[in-house]
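Asks: I have a structure here, written as structure tokens, and I will follow up with some questions on it.
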Amino acid sequence: MAYVLCMLILISSCKSKPVPVFTEVKVMSFNIWVGGGYSIEATADVIVQSNADIVGIQESSRDGQNIALYIADSLGWPGYAFNEGQTVISKFPIVRTSPGGHGVKIQLDETHFVWMFNIHLAYCPYEPYQLNGIEYCGAPLLSTANEAIESAKASRGAEVAAKIADVLAVAKEGYPVFLTGDFNEPSCLDWTLRATAAGMCKLPVEWPSTKAFMEQGGLKDVYRTCYPDEVTYPGHTWTSLPPTEDFEEVHDRIDFLFSGATL
């Protein structure tokens, strides 16, 4: 399991208000590992203990049952499933979906709204493995940054473009936008020259999915905004599993919380 929690976000109700009124909301990204991993109860407890207000959940179902919606119901929260693997649950009412169906509008009070998007991008091929000479899901090994970028674009580019178009469509309203997700791809802010020199990655790579959300979608990588030093604060979310004798894991930050609009 991996999760990212933004502890405090300040938001305004609308750009057009002459004197913005601010409130606080906690947003969390949580891959619950095939519908709750070893324990659905422990998964629910993580959400409760985090004190998150809105949670984007990946791998939300198990054996045909959406565990995220089950947890939401047990907490008395609204929830919305985009599909069996991607779900948003919230302490606040979910009032509508985005034009492209990739996000939901959440009403915090009479005048405060936010848009929430949640994604889980393709896990195969996984280019960090390929660059490190690790065979995975039959994908070819890679040796250059350009090869990794082109591979990532081929496997995730179409979905990223669809999500960005939907984000831009609702951003026109002027409300804060959040996007959570397991990208199965590192951040373009992490595989840098400095990180390479520190031995933290194989080579510098401008990973295209995060780059597109920032440059085309106008979103910010919240963790890297708070902790800009990628060497001191790598923020790895993959993997929490211990290494084995047969496999040396490549650790990375692939779970994200992005924000945009009036933030």
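The values are calculated or read from the model by the stated rules, or taken from the named source; none is laboratory data. Keep in mind it's a predicted model, so treat the numbers as computed, not measured. What goes into the accessible areas is simple: the full protein's heavy atoms, side chains included, and nothing from ligands, DNA or RNA. Shrake-Rupley method; radii C 1.70, N 1.55, O 1.52, S 1.80 Å.
Asks: Share of antiparallel DSSP beta bridges in region 85-197, in percent to the nearest 5? Spell out each step's value before the answer.
Replies: On the way: 8 of 14 bridges.
The antiparallel fraction comes to roughly 55 percent.
Asks: Counting DSSP beta bridges in the chain, what percent are antiparallel, to the nearest 5? Before the final figure, lay out the partial values.
Replies: Details: 37 of 48 bridges.
DSSP beta bridges in the chain are roughly 75 percent antiparallel.
Asks: With runs of 4+ DSSP H residues as the only contributors, calculate the mean residue ellipticity of the chain at 222 nm using -39,500 (n - 2.57) per run, divided by the residue total and rounded to the nearest 500. Before the final figure, lay out each step's value.
Replies: Details: 8 runs with 74 residues, N = 263.
Helix contribution divided over all residues of the chain: -8000 deg cm²/dmol.
Asks: How high is the relative contact order of region 165-263? Use alpha-carbon pairs under 8 Å, at least six apart in sequence, and give a whole percent. Don't jump to the answer; show the numbers that get you there.
Replies: Values: 142 pairs, mean separation 39.7, N = 99.
Reported as a whole number, the value is 40 percent.
Asks: Okay, moving on. Treating cross-link reach as a plain straight distance, find the aspartates and glutamates whose alpha-carbon is under 15 Å from the alpha-carbon of K202, omitting any fewer than eight places away in the same chain.
Replies: Cross-link targets: E127, E147, E185, D190, E230, E248, E249, D252.
Asks: Now, a different point. To the nearest 10 degrees, how steeply does helix 40-50 sit against the main Cα axis of the chain, on a 0 to 90 scale?
Replies: Its long axis makes an angle of about 70 degrees.
Asks: In what order, largest first, do E173, E249, E185, E135 sit by accessible area if the probe radius is 1.4 Å? Numbers along the way, then the final one.
Replies: Numbers: E173 60, E249 35, E185 0, E135 155 Å².
My answer, sorted largest first, is E135, E173, E249, E185.
Asks: A follow-up question, please. Going by accessible area, probe 1.4 Å, with all protein chains left in place, what is the ranking of Y126, Y233, Y38, largest first? Display every interim value, and only then the final one.
Replies: On the way: Y126 10, Y233 105, Y38 205 Å².
Largest to smallest exposure gives the sequence Y38, Y233, Y126.
Asks: Take the alpha-carbon centre of region 94-160, take the same for region 194-253, and report the distance between them in whole Å.
Replies: 14 Å
Asks: Mind pulling the angle between the C-alpha long axis of helix 145-171 and the longest principal axis of the chain? Nearest 10 degrees, somewhere in 0 to 90.
Replies: For helix 145-171, the angle is close to 0 degrees.
Asks: Before I look further, what does region 41-193 give for accessible area per residue, probe 1.4 Å, in whole square angstrom? Don't skip to the answer; put the middle values down first.
Replies: On the way: 6270 Å² over 153 residues.
Per-residue accessible area for region 41-193 comes out at 41 Å².
Asks: Of the heavy-atom accessible surface of region 221-261 (probe 1.4 angstrom), what whole percent is carbon and sulfur? Don't skip to the answer; put the middle values down first.
Replies: Numbers: 1280 of 2280 Å².
Percent of accessible area from carbon and sulfur atoms in region 221-261: 56.
Asks: Can you give me the long-range amide H partners of N118? Hydrogens built in the peptide plane at 1.01 Å from N, cutoff under 5 Å, separation of 5 or more residues or another chain.
Replies: T180
Asks: Now a separate question. Do you know the relative contact order of the chain, to the nearest whole percent, from alpha carbon pairs under 8 angstrom that are 6+ apart? If you can, show how the numbers build up before the last one.
Replies: Working: 560 pairs, mean separation 48.1, N = 263.
Once divided by the residue count of the chain, the mean separation gives 18 percent.
Asks: Given N residues in the chain, what is its alpha carbon radius of gyration divided by 2.2 N^0.38 Å?
Replies: Values: Rg = 18.3 Å, N = 263, 2.2 N^0.38 = 18.3 Å.
Ratio of Rg to 2.2 N^0.38 Å for the chain: 1.00.
Asks: Classify region 140-233 as rounded, prolate or oblate, taking a ≥ b ≥ c as the square roots of the eigenvalues of its Cα gyration tensor: rounded when a/c is under 1.5, otherwise prolate if a/b is larger than b/c and oblate if not.
Replies: Judged from the Cα gyration tensor, region 140-233 comes out oblate (a/c at least 1.5, b/c at or above a/b).
Asks: Of the beta bridges DSSP finds with both residues in region 14-136, what % are antiparallel, to the nearest 5? Intermediate values should be presented prior to the final figure.
Replies: Working: 18 of 23 bridges.
Within region 14-136, antiparallel bridges account for around 80 percent of the total.
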